[in-house]
1. Test ILE237 against the stated conditions and say whether it is within 22 Å of SER429 (Cα to Cα) and within 16 Å of the ligand (Cβ to nearest atom).
2. What are the residues in segment 57-69 that are open to solvent by 10 Å² or more (accessible area, probe 1.4 Å) and either in contact with a helix residue (DSSP H, G or I) (Cβ under 6 Å, 6 or more places away or on another chain) or farther than 20 Å from TYR181 by Cβ (or both), if any?
3. Going by what's in this entry, would GLY89 be described as assigned by the TED database to the domain that holds ILE144, over 26 Å from the mean Cα position of the chain (by Cα) and on the phi > 0 side of the Ramachandran plot?
4. Give just the number: which of (1) touching a helix residue (DSSP H, G or I) at 6+ places or on another chain (Cβ under 6 Å); (2) under 30 Å from ASP225 (Cβ atoms); (3) among the aliphatic types (A, V, I, L, M) does VAL289 not satisfy?
5. If ASN403 meets every condition in (1) out of contact with any Leu (no Cβ under 8 Å at 6 or more places or on another chain); (2) in contact (Cβ under 8 Å) with a residue 40 or more places away in the chain; (3) not aliphatic (A, V, I, L, M) apart from one, which number is that one?
6. Somewhere in segment 483-503, is a residue in a helix (DSSP H, G or I), within 16 Å of the ligand (Cβ to nearest atom), of a type in the set (A, V, I, L, M, F, W, C) and without any contact (Cβ under 8 Å) to a residue 40 or more places away in the chain?
7. Cβ-Cβ below 7 Å, separation at least six or inter-chain, first residue in segment 116-141 and of a type in the set (Asp, Glu) and at pLDDT 95 or above, second away from the ligand (no atom under 16 Å from the Cβ) and open to solvent by 20 Å² or more (accessible area, probe 1.4 Å): which pairs?
8. Taking the residues in segment 159-178 that are within 13 Å of the ligand (Cβ to nearest atom) and of a type in the set (A, V, I, L, M, F, W, C) as candidates, determine which candidate is nearest to CYS416 (Cα to Cα).
Amino acid sequence: MIWEKLKIILSIIIDLFISLCEIPFLIFKTNKTISTPVRFKSQHQHKLDITQIATEIRSITNHNPSVQIVMDRKSGEGHSTRSTAYKDGKYRINISSLNSIIEINQHEEYAEVEALVTFEEVCKATIKYGLLPAVVPEFKSITIGGAIQGLGIESTSWKYGTFDKTVIEATLITGHGNILYASEVPDLWKNLPGSNGTIALIVAARIRLVQATEWIHLRYVFYPDLSNFLNDIEKKISIQTNTGWIGDNQVIDAIHFCGKNQTMNGIVAMYGGCVSSIPRNASIRKETVFSSFFYQHVKSILTKKKMTNDHNETNLYEDYIPTLDYLFRHDRGAFWAAAEVASTDPLIGFIFRRPYLLCLLNYFLKTKTLYKIAMLTSDQKRESTGMIQDVDVLPDRAEEIINWAINKDLNMIWLCPVRCHGTDESFFSVAQPNTPFVMNIGLYGVAKDLPQSNLDLQRLVIKLGGKCGLYAHIYLDREEFWSCYNYKEYIRLREMSGGHVFMDLWDKVAGIVFSKISIKR
Ligand SMILES: Cc1cc2nc3c(=O)[nH]c(=O)nc-3n(C[C@H](O)[C@H](O)[C@H](O)COP(=O)(O)OP(=O)(O)OC[C@H]3O[C@@H](n4cnc5c(N)ncnc54)[C@H](O)[C@@H]3O)c2cc1C
């Protein structure tokens with residue numbers, strides 16, 4: 001345990017050093033960093049690497065049929081709020097060699113990438129060709145494999161759905177140690193997204209790329225309440241286009257400012273898309289070490305603008321943002337989670353309110369580093385300090401979640417519509433049949449009565465027919481948890497493919513909570 005923590009501290013120090021070297025790049029130019037080199041690999045080398053992993057799985061399961069296999073990512077890597085204690089005593093499979101891009105096919109508009117390639121790496125490589133993945137989750141270090149296993153979404157999800165829906169083909173390694181293509185096992189593949197690595201390993205994916213440019217034009221639109229926002233996006237969502245990231249209304253998400261201390265409450269939606277030119281005198285926002293957090297930028301737009309009329313839709317502002325800055329706009333500070341938690345400490349809160357001091361801490365504010373820092377504390381401490389949850393409900397149930405959040409003193413809520421693909425969805429999916437879209441609601445910040453309120457929220461979500469993100473601590477007991485998913489089918493798929501060698505989903509996402517966090521059930 002101490003050794004694990006020392007390793008995290010060492011990795012934070014190394015990252016800090018790299019980050020200090022990056023400051024000149026960040027001050028003078030955007031999108032040039034030295035910490036994320038894009039690696040390429042031949043198909044031949046990729047095959048050798050995955051064969052080695054498959055052979056290791058076969059050999060370990062032959063030796064010990066009751067073995068439990070987990071992925072050997074370091075503590076603080078990944079985007080789960082849980083500690084890695086669930087891995088103790090399990091066999092750790094190392095897939096760190098799977099970190100390269102194999103091919104970018106500009107003409108057929110796809111990229112063949114290994115599972116541990118991050119979205120920052122993919123986007124940096126493909127934007128040069130005027131292409132981007134159709135869905136790009138907003139933290140730089142989310143990986144391709146993680147986004148499939150964790151049902152990644154972002155502001156283009158209103159038209160494409162969860163990230164896995166943009167995967168053309170995937171390469172899997174089963175618990176039997178077999179290398180398979182997703183298209184060879186359609187029922188296994190259909191239910192694999194969202195299973196958090198408990199059915200099979202993903203080792204590579206061919207992902208869909210769509211047209212994009214280096215700049216995004218964003219419009220900030222005010223709505224006094226949720227129903228105005230929902231009415232408007234329903235109209236926008238009914239118009240489907242095939243221009244990829246290019247054009248207006250290609251990206252849709254919103255921040256609901258709702259805290260009791262907000263100077264102005266309401267929803268600011270952000271609509272826009274890639275453009276090929278920027279008008280003279282246009283407002284430009286580039287991410288530098290001196291930039292405010294993106295949510296602060298949105299909030300200042302809302303506060304500065306004096307509302308002059310009562311129209312349902314009020315255009316507040318518009319600006320142009322380098323596309324890579326836009327994609328990862330919430331990476332610094334993990335939305336507003338870091339700032340909200342910091343506000344509970346007078347000294348850190350003081351620093352957070354001063355941009356010139358904040359720029360010195362810039363590195364520590366990358367989501368990747370915030371995770372490492374968070375992992376230095378215990379699960380109980382972390383869970384009692386802040387709430388990090390994404391929940392998905394039908395749009396007409398979103399208000400109930402928002403009211404719950406307001407009662408728990410959350411100040412800001414992220415809203416992101418996610419298109420549903422009918423019966424073509426995994427049973428872990430956030431999507432629901434017979435509805436065009438669900439609303440993803442991001443609840444990040446300091447909430448009342450934690451961690452107890454987190455359990456209350458999860459029960460409320462079930463009652464409303466929704467689903468919770470499984471990256472967070474799950475407080476439901478085994479029975480409540482499986483009432484949300486098709487357990488029989490899950491077991492069948494695991495038995496069919498040898499998936500029982502991977503940890504059971506409830507054990508993985510909730511087991512640790514039962515042993516480490518005291519809560520009233
Ligand atoms: C504050 C917060 C906000 C978030 N907001 C968003 C959001 O807006 N959009 C979004 O898309 N996501 C969001 N996420 C969730 C995030 O995308 C998922 O947690 C995602 O799974 C993280 O990917 P990762 O690469 O870090 O994977 P990890 O966290 O390392 O892994 C996630 C799970 O998948 C398994 N896994 C990972 N890779 C593989 C593989 N190759 N084969 C088999 N199993 C694998 C892991 O074992 C683990 O159980 C948010 C998370 C947080 C904490």
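1. Values: within 22 Å of SER429 (Cα to Cα): yes; within 16 Å of the ligand (Cβ to nearest atom): no.
When the stated conditions are applied, ILE237 does not pass them.
2. Start the filter on segment 57-69 by keeping residues that are open to solvent by 10 Å² or more (accessible area, probe 1.4 Å), which leaves 58-68.
Scanning segment 57-69 gives SER59, ILE60, THR61, ASN62, HIS63, ASN64, PRO65, SER66, VAL67, GLN68.
3. Values: assigned by the TED database to the domain that holds ILE144: yes; over 26 Å from the mean Cα position of the chain (by Cα): yes; on the phi > 0 side of the Ramachandran plot: yes.
The answer is yes for GLY89.
4. So VAL289 meets the others, but not (2).
5. In the conditions (1) out of contact with any Leu (no Cβ under 8 Å at 6 or more places or on another chain); (2) in contact (Cβ under 8 Å) with a residue 40 or more places away in the chain; (3) not aliphatic (A, V, I, L, M), ASN403 misses (2) alone.
6. Just the residues of segment 483-503 that are in a helix (DSSP H, G or I), to begin with: 487-497, 499-501.
Adding the requirement that they be within 16 Å of the ligand (Cβ to nearest atom) leaves 490, 493-494, 497, 499-501.
If we keep only those that are of a type in the set (A, V, I, L, M, F, W, C) too, we end up with 493, 501.
If we keep only those that are without any contact (Cβ under 8 Å) to a residue 40 or more places away in the chain as well, we get none.
No, there is no match, as no residue in segment 483-503 is in a helix (DSSP H, G or I), within 16 Å of the ligand (Cβ to nearest atom), of a type in the set (A, V, I, L, M, F, W, C) and without any contact (Cβ under 8 Å) to a residue 40 or more places away in the chain.
7. That search, which allows pairs on different chains as well, returns GLU121/VAL38.
8. The first filter runs over segment 159-178 and keeps only residues within 13 Å of the ligand (Cβ to nearest atom), leaving 160-167, 170-175.
Now restrict to residues that are of a type in the set (A, V, I, L, M, F, W, C): 163, 167, 170, 172-173.
Working: PHE163: 14, VAL167: 20, ALA170: 26, LEU172: 29, ILE173: 32 Å.
Ranking the qualifying residues of segment 159-178, first place goes to PHE163.
The values are calculated or read from the model by the stated rules, or taken from the named source; none is laboratory data. In this text the structure is predicted, and so the values were computed from the model without any measurement. Glycine also receives a Cβ, built like all others from the backbone with ideal geometry; neighbour counts cover every protein chain displayed. Ligands, DNA and RNA are excluded from the accessible area calculation, which covers all protein heavy atoms including side chains. Shrake-Rupley method; radii C 1.70, N 1.55, O 1.52, S 1.80 Å.
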